[in-house]
Every structure is written in structure tokens, then in C-alpha cells.
Amino acid sequence: MVFRIPKFTVGQLKTLVFHSSWAFTLTAGLSYAMGLLRDRIFSHAFGLSRTLDIYNASFVIPDMAFAVILDAALAAAFIPIFAKLYDMEKEKAYAYARQVLTWGVLFMGAVALVLALALPWLAPHLVPGFNAEETQQYILLTRILLVSPTLFTLSNTYGRMLISQKEFFWYGLSPTFYNLGLVIGALWLAPHFGITGLIAGDLLGVLMHFGIRYLRVRAKEKEFRARPDLTFSPEIKETMVLTPPRMGQQILWHLMLLGFTSIASGLPQGSVTAYNYARNFQGVPVSLLGIAIALAMAPALAHDAGKGNFAKFKQDFRRHRLRSLFYTTAAALGLAIVAKPAIGLLLGGGRFTPDQVSLLASVLAVFCISVPLESLMHAYQQAFYALKNTWLPSAVGAGAIGVAIFTAKMLAPQWGLYAIPIGFSTGLGIEVVVLTFLLPRLLRKREREFQVSL
């Protein structure tokens, strides 16, 4: 038998690169390549130092503010609502997008202001291992970074519009520009302005993150105009109904990250940065494969559920779930094997010593257990959201997060930094098992409801 390389037409190649899950994989790969360059610059300049501990800890509150409030709404509700409206009447879909943009920016601005004022009271509880001077620097940097959630609100709303139309490449390209901003900050701003220059690079990255999505939406949807719209439409009300469970889960998810940061801050110097580096490396296969597959299947599952084609829904989800499990398990094993030489090559040198390379590699190897589990979690969440059920995955996720924090806290005195990836994997494992049990039951319920509605 002669092996032949399959031939693709121009249209098939365009679909593969721009509109399939491989578009997410390609762009996520570009983003992580830029992120690795960023981490190498940071590691050579700062090592596992308190400076980077403060820098990394400063991102937690701003990231949590956006993820809990606006990203929860966009993830849980925007795609199914916008896609349905778009199929019916484009202008109604555009109006919904404008309303999300308007209400989102106003609300995020108010939340950022409240958090900035409350930080002096929150900081001692969030980073208890920092001394007084370090805590003051943490407060200043976090306040500057609180500008970013409002900018991300704009960017991610445009981004969900792109996902709804399967414009996956342009959606996925924006994180590369975000990391480019961080590299600019590290190379050209930090030498003159210190750690504040790193923060300025982050804000530059957020602006570029938004810019690439804005330009693509303007090019594709020429009729769309992003003017203020304070209409409290039925679609906004539906978004508010679907959002609270996801918001609650996001709160707990970021409390878990805060808990992990708190645990690490009480361990030897550099532990917060080591945890963040390990989590960044662990996130590579999750983003390149797990999240890419989950996001790419979201529009198809939403259309299947909306049309009542539950047989196709099951078939599509089963295929994507198996792909995710196979690819991410193989990637996790590979990452664990190459962890030490890869970290030595990418981060080693300068103030990043061989002992620090060994520590980070061993923590990352334990983190690899969570790669297929976190990827499956994202796949199951998209399936539940397509069925317009946010309560079940959120409730299950809340319980799993509690298990993760409790496990890490209990193991930290004996296992040190390794307690964090062990707790994380334990919680994710429980979550995936329970969601696997619940999804078929929800599908049967939706099938009965659809048949009654006919």
C-alpha cells in the first residue's frame, strides 16, 4: 500500500486554519511561544525573587474581577443568545452585543473603583506572607492593573462575536499581541521604570488584545456600530438568569487561585513565582488542545440543542470528548518527561539556578496530572451551556473547588509546594466524574421538553 498525503483544496485549508479547532491550536501556540519568551526574559532578570512574587500576585484581583463578572456572562450566555439572534435578524444580534458592551463597561468600571478603595483592607488577607513594604507595592500595582478588566470587557465581547461566527483564528490571535505587550514592557520599560514598567507593558498588551478583535469585527460585520445602548432587553434579562451560577463558580475558582497564592506566599521565597511558572507550563496543552477543542465545538452544540437534534449533539460531544482525552493525555505525559530539560533550556541561566530548575520541573510534573482533567472540565461545561443549564456544572464545580483548596491546605505542611497541584488534580477529577454522570440525565430531560413543545 502506498501512503499518500491527503490533498486539501484552498477552501478546506482556509477552513482548517481559520475556522476549526486547529485555528485555536495554532494561535494558542503562537501565544505560548511569545509567553515563553516573556517568561525567559523575566526569569533571567529576576529569578525566583520577591519582585516577581509581588508582580504575579498583583494580577490575581484584576483577573478575578473580570472573570467573575463579565467573562462569566459571556461564557455562559453570549454565544447561544447571539448565534440565535444572528440567524433570525442580524440587527437584533448587534443590539444585544451593544447592550452587553455598555452594561459591561459601566459595571466593570464601578467594581474596579470599589476594589481599588478596598485594597488596603484586603491585602493583608490576600498576601499574608508579604512584609509591610511589599504589601504597599502590591496595592499600588494592583490598583494600576484594575484598569485592565474594563478593557478586557470590550475585547472579550468582540471576541465572543467572532467565536459565534467561527472566526476562531482572529479570536485566538489576540493573546499573542497581549504577550507581545508584556515582552515590550520587560525589555524596554522595566529597565527604566522597574516593576512599574512591567505593569505598563501589560496595559499595552491589553490594548493590542482588544485592537486585533475590534479590527476583525469591523471588517467582517460592517453594519455593526458599537454605540452606547442602555436598553434592558429580554436578551439581557436572559443573560442575567444564566450568569449567576457561572459567576458563583468563577468566584470560587479565583478564590481557589487566591488560596493557592496564599499558601505559596507562606512557603520559602520564590514559591509564588514557581507556582505561577508551573501553572503557565501546565496551561500550554490545556489551551492548545483542551480549550481549543471545547471552544470549537461550542457553536455546533448550541445549534444542535437549539434545533432539538439531540442525537447529533451526543455524537458531536462524544467525538470531541474522546479527541480531547486522547490528545491531552498524550501531551501531559510528554510534558512531564521533558519538563526538566525544557525548563532548563527556556528559563535556566542568569539568576534562575539549577536548583530552581529542578524544583520547578518536579512541581510541573505533578501538575501534568491535571491536564486531561481540566481539558475535560472545559468540554463538559460547553455541553451544559449549550443546553442552557449553568446551575449543574457550577454547583459541581463549586464542590470540586472546595475539595481542591482543602486538600492543598492540609497537605502543604508536609508536601510544601507540591500540595497545590495535588489538590488541584483531586478537585478536577471529582468534577469530571460527577459531570459525566449528570450530562446524560440532562439530555434526556431536554429531549422530553422539546418533544412536548412540538
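The values are calculated or read from the model by the stated rules, or taken from the named source; none is laboratory data. Treat the numbers as computed from the prediction; the structure is a model and nothing was measured. Cβ coordinates were reconstructed from backbone atoms using ideal geometry, including for glycine residues, and neighbour counts include every protein chain displayed.
Annotations for the structure displayed:
- Checked against (1) without any contact (Cβ under 8 Å) to a residue 60 or more places away in the chain; (2) of a type in the set (F, W, Y); (3) touching a Gly at 6+ places or on another chain (Cβ under 7 Å), Y178 meets all criteria but (1).
- Within region 57-67, being surrounded by fewer than 19 Cβ atoms within 10 Å (Cβ to Cβ) and assigned to a helix (DSSP H, G or I) holds for one residue alone: D63.
- Checking L70, L162, L74 one by one, the residue that is modelled with pLDDT of 85 or more and either surrounded by fewer than 23 Cβ atoms within 10 Å (Cβ to Cβ) or part of a helix (DSSP H, G or I) (or both) is L162 and no other.
- Filtered by the rule that a residue be more than 18 Å from A395 (Cα to Cα) and either part of a helix (DSSP H, G or I) or of a type in the set (G, A, S) (or both), region 426-454 gives R444, K445, R446, E447, R448, E449, F450, Q451, V452, S453.
- Within region 286-307, residues that are without any contact (Cβ under 8 Å) to a residue 40 or more places away in the chain and surrounded by fewer than 22 Cβ atoms within 10 Å (Cβ to Cβ) have Cβ atoms under 8 Å from residues that are of a type outside the set (G, A, S) and assigned to a helix (DSSP H, G or I) in these pairs: A300/D316, counting only partners at least 6 apart in sequence or on another chain.
- Filter pass, L257 being in contact (Cβ under 8 Å) with a residue 60 or more places away in the chain, assigned to a helix (DSSP H, G or I) and under 30 Å from R351 (Cβ atoms): yes
- Region 196-242, residues that are within 25 Å of the chain's Cα centre (by Cα), surrounded by fewer than 19 Cβ atoms within 10 Å (Cβ to Cβ) and among the β-branched types (V, I, T): T196, V241
- Extreme residue, modelled with the lowest pLDDT, among residues of region 407-454 that are surrounded by 12 or more Cβ atoms within 10 Å (Cβ to Cβ) and small (G, A, S): G416
- Within region 368-389, restricting attention to residues that are free of Cβ contacts under 8 Å to residues at least 60 places away in the same chain and within 28 Å of A336 (Cβ to Cβ), the residue that is surrounded by the fewest Cβ atoms within 10 Å (Cβ to Cβ) is I369.
- Selected residue (only one of L346, L325, L392 is over 30 Å from A302 (Cβ atoms), surrounded by fewer than 23 Cβ atoms within 10 Å (Cβ to Cβ) and not acidic (D, E)): L346
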